[in-house]
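K.L.:
Below is the structure I would like to discuss, written out as structure tokens.
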Amino acid sequence: MLLIFFLVTTSMDVDKGLFRLLPSPEPQKTAPQESVVDKSTLMALHVTKDNQLLLNDKPTNVAHLKGEIVRFVHRLGNRHLISIESDRDADYDLYFQMQNQIMMAYNEIKDEYAQKHFGKAFSALTTAEKEKVRKACPQRITESYANATAQEDKSIDASAEEQKGGKQ
């Protein structure tokens, strides 16, 4: 009886994670996707197989990434694009640190916009106000996984991912 009481009254914490498409363990054959992107509006991030983070082909510390992204998005507005390429042999720890920095940067940008236009933090906004902020501050991210197969590219739309399950 006591066991049933604890089972009924105990709440289970469910961890939330990043809403990202990770590479499958087995390479899949897909047709290569090509698109034209203005290099001046692109921030290229690459996690190498040697577990080094490259920002526009230059080594960088993951701790500086948030500030770089915030400045980049402020400079370009909705025209920005962040391209992430991760080597299949790279360590997930660095990949997740990079993803955390990206999400912290976008959260800071959304908070700044919310303060400026609504006078309160993003987390305190109504659902309709949050949607306006999301439209004004889109997450423009594309991801690909190097060395999966020749010419494999698995691009995702972060704003679509956010709307699927990442509502804040």
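The values are calculated or read from the model by the stated rules, or taken from the named source; none is laboratory data. Small disclaimer: the values here were computed from a predicted structure and weren't measured. Here the Cβ is made from the backbone with ideal geometry for all residues, glycine too, and neighbour counts use every protein chain on show.
K.L.:
Can you find even one residue in the stretch 82-91 that is part of a helix (DSSP H, G or I), farther than 20 Å from SER40 by Cα and at pLDDT below 95?
P.N.:
No, the stretch 82-91 has no match at all.
K.L.:
Can you say whether ALA90 is closer than 29 Å to LYS130 by Cα and either under 17 Å from the mean Cα position of the chain (by Cα) or among the hydrophobic types (A, V, I, L, M, F, W, C) (or both), as far as the supplied structure shows?
P.N.:
The answer is no for ALA90.
K.L.:
Within the stretch 57-99, how many residues turn out to be of a type in the set (Gly, Ala, Ser) and farther than 17 Å from SER144 by Cα?
P.N.:
So the count comes out to 3.
K.L.:
Now for a different question. For residues that are modelled with pLDDT under 70 and acidic (Asp, Glu), scanning just the stretch 18-54, find the one that is nearest to ALA105 (Cα to Cα).
P.N.:
GLU34
K.L.:
Have a look at GLU112, GLU68, GLU129 and point out the one that is in contact (Cβ under 8 Å) with a residue 12 or more places away in the chain and either of a type in the set (Ser, Thr, Tyr) or over 15 Å from MET43 (Cβ atoms) (or both).
P.N.:
Of the residues listed, the single one that is in contact (Cβ under 8 Å) with a residue 12 or more places away in the chain and either of a type in the set (Ser, Thr, Tyr) or over 15 Å from MET43 (Cβ atoms) (or both) is GLU129.
K.L.:
Considering ASP57, ASP15, which residue is at pLDDT 60 or above and charged (D, E, K, R)?
P.N.:
ASP57
K.L.:
Looking only at the stretch 45-95, how many residues end up being charged (D, E, K, R) and loosely packed, with under 13 Cβ neighbours inside 10 Å?
P.N.:
Selection size over the stretch 45-95: 8.
K.L.:
Condition check: of a type outside the set (Val, Ile, Thr), modelled with pLDDT of 85 or more and farther than 18 Å from LEU45 by Cα. Does ALA121 satisfy that?
P.N.:
Taking the combined requirement at face value, the residue satisfies it.
K.L.:
Exactly one condition in (1) more than 26 Å from PRO138 (Cα to Cα); (2) among the hydrophobic types (A, V, I, L, M, F, W, C); (3) at pLDDT 90 or above is false for PHE5; which is it?
P.N.:
Here PHE5 clears every test but (3).
K.L.:
Can you find, within the stretch 117-143, the residue that is nearest to VAL37 (Cα to Cα) among those that are part of a loop (DSSP other than H, G, I, E, B) and of a type in the set (D, E, K, R)?
P.N.:
ARG140
K.L.:
Got a number for residues in the stretch 42-75 being of a type in the set (Val, Ile, Thr) and either part of a strand (DSSP E or B) or more than 17 Å from the chain's Cα centre (by Cα) (or both)?
P.N.:
Here the count works out to 3.
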